[in-house]
Ligand SMILES: Cc1cc2nc3c(=O)[nH]c(=O)nc-3n(C[C@H](O)[C@H](O)[C@H](O)COP(=O)(O)OP(=O)(O)OC[C@H]3O[C@@H](n4cnc5c(N)ncnc54)[C@H](O)[C@@H]3O)c2cc1C
């Protein structure tokens, strides 16, 4: 069992690392977070955060701060990309509050980082060190860990009872573990852009643009939603990583509805982001290092759950370590439960990909089914994902 004085080192101060710091400190343990970057950067763009994530954020006391920077769209509109026709609308705000008792939000990633980091800095049990790159980890949870950290060229050695790797899809710790596991290319790429409200083209403004909009088409889709309380809009286009897609996203959406082509051509800059995935899920390695977030389960963003499940991982780890049982057993229970849940979430992402990227007769059938089925029914199918876990 963990003693209250047992120190926990977290490698990486992204969403997984900061969430783990808050969860573990709130459960009573002293936590040290090492993050290799010197300061927080405006990286990436928007995130959808379902009730499975916002419920944990409320539990850690940071949801109210996040609400000041986020949007809570009323609907997810599922649209045919070529015609622009809305096939069905999912009343996500009402459903989330009423059935899952937590909001469905859209946020800028940097806002979420800032809020998590500020909360961690206020928490007396958390030390957060930027500009500290973890170089190596040795030991086990039976003997404790020794962690070597590079700070401005000097190596600092830190001892800890547990070491939690939250070092992202490129996880150096996972690559250096006895199992040597690196991420692999998924064959897909994401194009991302952010536009201010005043920059939105008229053709996009004439849609119900303050909602989450999904545009589906053959082997590609595009998602748009408001961030920064609706002052900015986040656009993500997912395409195959082929020759056409590597030039400009417009090339892949040529015959799509005008509102999408207008958005694609007016955004001043599109950032290309090749998507990598982990071959297998891993929450615990043979040496007892714990993995959370992308380092455990990086996957494609079809279920919009990467950050949300990093937040869930953190909550589940703190809960698992609080169980009144030997540490090894508690960690195994944690890893088994998270593996089962992540498998289901990843399968859901595969289903979404099949539906969003369908073409020919399948796309036609999809459109008929979506037009005839009520939006609430699609949300009810996701009850297992968003409902509070026991
Ligand atoms: C196009 C796209 C859209 C997405 N949309 C959504 C969405 O709508 N909803 C959602 O929930 N998720 C979404 N995701 C997924 C989500 O962004 C990621 O799953 C999440 O950010 C992973 O967080 P993390 O903390 O595990 O990893 P990271 O954010 O990568 O953090 C890892 C951190 O570890 C640090 N680090 C690495 N090595 C070391 C070291 N040796 N020492 C110290 N520090 C180190 C890094 O500097 C970094 O800060 C999307 C992803 C993509 C690509």
Compactness check, the chain: C-alpha Rg relative to the 2.2 N^0.38 Å globular estimate gives 1.00
Order of 368-378, 78-88, 160-170 by packing, highest average Cβ count within 10 Å first? 160-170, 78-88, 368-378
Taking every alpha carbon pair in region 95-139, what does the distance histogram look like in 5 angstrom bins from 0, in percent? 5, 14, 13, 15, 16, 16, 8, 7, 4, 1
Roughly speaking, what % of Cα-Cα pairs in region 92-166 are separated by over 19 Å, rounded to a whole number? 60 percent
So if each residue of separation counts as 0.36 nm, and I subtract the Cα-Cα distance between residue 202 and residue 229, what length gain in nm does that give? 7.7 nm
Cα-based Rg / Dmax (Å) for region 51-107: 13.6, 44
More than 17 Å apart - percent of Cα-Cα pairs taken over region 295-339: 37 percent
Report, in deg cm²/dmol and to the nearest 500, the calculated mean residue ellipticity at 222 nm for the chain, where each DSSP H run with n ≥ 4 adds -39500 (n - 2.57) and the sum is divided by the residue count. -10000 deg cm²/dmol
Remind me, relative contact order of the chain in percent, using alpha carbon pairs under 8 angstrom and six or more residues apart? 23 percent
log10 I(q)/I(0) for region 35-188, Debye formula on C-alpha points only (no solvent), q = 0.16 Å⁻¹, two decimals, reads -1.10
How much length is gained on full extension from residue 387 to residue 133, taking 0.36 nm per residue of separation minus their Cα-Cα distance? 87.7 nm
Rg (Å, one decimal) plus Dmax (Å, integer) for the alpha carbons of region 12-66? 12.4, 33
If you average the C-alpha positions of region 162-183 and of region 330-366 separately, how far apart do those two centres end up, in angstrom? 23 Å
One checks the Cα atoms of region 320-366 and finds Rg and Dmax, in Å, of 18.5, 55
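Taking 37 °C and 0.692 mPa s as the conditions, I'd like the Stokes-Einstein D for region 231-378 in µm²/s, using the Kirkwood hydrodynamic radius from alpha carbon pairs. If you can, show how the numbers build up before the last one.
Values: Rh = 18.5 Å.
Result for D is 177 µm²/s.
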With no solvent and one equal point scatterer per Cα, compute the Debye intensity ratio I(q)/I(0) for region 220-294 at 0.19 Å⁻¹ and report its log10, rounded to two decimals. -0.86
What fraction of the Cα pairs in region 6-98, stated in percent, has a spacing above 20 angstrom? 55 percent
For the peptides 224-232, 139-147, 29-37, what is the packing order when you average, over each peptide's residues, the other Cβ atoms within 10 Å and list the highest mean first? 29-37, 224-232, 139-147
Kirkwood-based Rg over Rh for region 148-241 (C-alpha set), two decimals? 1.19
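Bear in mind that the values in this text are calculations on the coordinates, not laboratory data. Just so you know, these numbers come straight off a predicted model, no measurement behind them. As a convention, Cβ positions derive from the backbone with ideal geometry for all residues, glycine included, and neighbour counts pool all protein chains shown.
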